[in-house]
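As structure tokens, the structure follows; a few thoughts come after it.
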Amino acid sequence: MKNFIKTTTVAAVLLASATSVFAQSQFTTNEVRQFMSKGEQNGIEINLNGTKPGDAKDAVEKWGKKMKAKIVTDKKNPEIFIDNAQMPTVSANTLDIYAIVTPIENGSKLTIYTDLGGAFVSSAAYGTQYAGLDAALKKFAKDQAIVVVEDQQKAEEKILKSLNGDLKDLGKDKEGYLKDIEKAKELIQKREQEILKNDADQKAKQQQISLQQQIIETVKQKRATLN
């Protein structure tokens, strides 16, 4: 009973964890002004819950390539430079985007600084362009959330497959135990019959021993008469 309660409790905890840890459904951006490689500039940041920093950087590079941009990275520089990106929803001209991925408690944070060609986008000075970037960044975050959930689904399905395998093995074990029990029952029945026969054989043997003892006594008496 204790094992059943323990198993049920663990299952409940796992279910709660699976439905809450990576369940990002709200994608909120935040405008920032801070220092980057081109000085103090305005940028936009968004959290990517459940996305590891390495995966986030790979996703940013793929995002840049989709915008037909040249991707420039340097191990000594945290920025990913997306050179001459094509983003029609923001500008008819190409853009230069500087992206920085930083780790947070439950994933990553992506911050981008966008150069229109001499001026960085801010909500105050370039409201339309900012809105386009904001929408693009939210879509990027949503796409990453989908990847996280799909990866989680694959992992959980793998666990389910393993559990089903365990259940199948347990079923086979039970079949083996039942067969062993039937064999044991047959052996017990056989041994019980053998015990009955053994008891009869012992009784008959005792009678033979008693008779043999009588014969020996008779022989002894006969021998005594010959003295």
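Taking residue 121 and the conditions (1) closer than 30 Å to residue 93 by Cα; (2) without any contact (Cβ under 8 Å) to a residue 12 or more places away in the chain, which numbered condition does it fall short on, given that it satisfies the others?
Here residue 121 meets the rest and fails (2).
Looking at 23, 59, which is the one that is of a type in the set (Gly, Ala, Ser) and at pLDDT 95 or above?
None of the other options fit; the residue is 59.
On the given criteria, is residue 34 assigned to a strand (DSSP E or B) and modelled with pLDDT of 95 or more?
yes
Checking the conditions here, which among 220, 161, 197, 179 is closer than 30 Å to residue 107 by Cβ and out of contact with any helix residue (DSSP H, G or I) (no Cβ under 8 Å at 6 or more places or on another chain)?
161
Please work out which residue is surrounded by the most Cβ atoms within 10 Å (Cβ to Cβ), limiting yourself to the range 100-128 and to residues that are of a type in the set (Val, Ile, Thr) and part of a strand (DSSP E or B).
If we take residues in the range 100-128 being of a type in the set (Val, Ile, Thr) and part of a strand (DSSP E or B), then 114 is surrounded by the most Cβ atoms within 10 Å (Cβ to Cβ).
Would you check which residues across the range 129-167 are surrounded by 15 or more Cβ atoms within 10 Å (Cβ to Cβ), out of contact with any strand residue (DSSP E or B) (no Cβ under 8 Å at 6 or more places or on another chain) and within 13 Å of residue 87 (Cα to Cα) and list them?
Once the filter is applied, which keeps residues that are surrounded by 15 or more Cβ atoms within 10 Å (Cβ to Cβ), out of contact with any strand residue (DSSP E or B) (no Cβ under 8 Å at 6 or more places or on another chain) and within 13 Å of residue 87 (Cα to Cα), the range 129-167 yields 132, 136.
The values are calculated or read from the model by the stated rules, or taken from the named source; none is laboratory data. Quantities reported herein were computed from a predicted structural model and do not represent experimental measurements. Backbone-built Cβ (ideal geometry, glycine too); neighbour counts: all protein chains shown.
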